[in-house]
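Let me give you the structure first, and then I'll get to my questions.
The values are calculated or read from the model by the stated rules, or taken from the named source; none is laboratory data. Keep in mind that this is a model prediction, so the values were computed, not measured. Ideal geometry is used to build each Cβ from the backbone, glycine not excepted, and the neighbour counts take in all protein chains shown.
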Amino acid sequence: MEIQELQDEELIAQAQEWRLRALRGEREARGMAHELEREVRRRFGNPKTEAHHSLKEVRTLEELPRGR
């Protein structure tokens, strides 16, 4: 299976299926689940981390308040 060639819907379905197989104890399923999930994150981002790591307001040094 070429992961990069999967359509979005098929990629998500495969990632879910392989993760379930891994959770049920199929030893070989863990690696495939990881690879599929990595491709999902590459295509769609990771909403869990994006919310926590979003940049706050960015200012240049000239805009920062100066100490006395």
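Out of all the residues in the range 1-35, which are out of contact with any Asp or Glu (no Cβ under 9 Å at 6 or more places or on another chain) and of a type in the set (D, E, K, R)?
Selection gives Glu2, Glu5, Asp8, Glu9, Glu10, Glu17, Arg24, Glu26, Arg27, Glu28, Arg30, Glu35.
Still on this model: If you take the residues in the range 1-41 that are surrounded by fewer than 10 Cβ atoms within 10 Å (Cβ to Cβ) and assigned to a helix (DSSP H, G or I), which one is farthest from the chain's Cα centre (by Cα)?
Selected residue: Glu5.
Collect the residues in the range 20-51 that are at pLDDT below 65 and either more than 25 Å from Asp8 (Cα to Cα) or aliphatic (A, V, I, L, M) (or both), keeping them in residue-number order.
Selection gives Ala51 alone.
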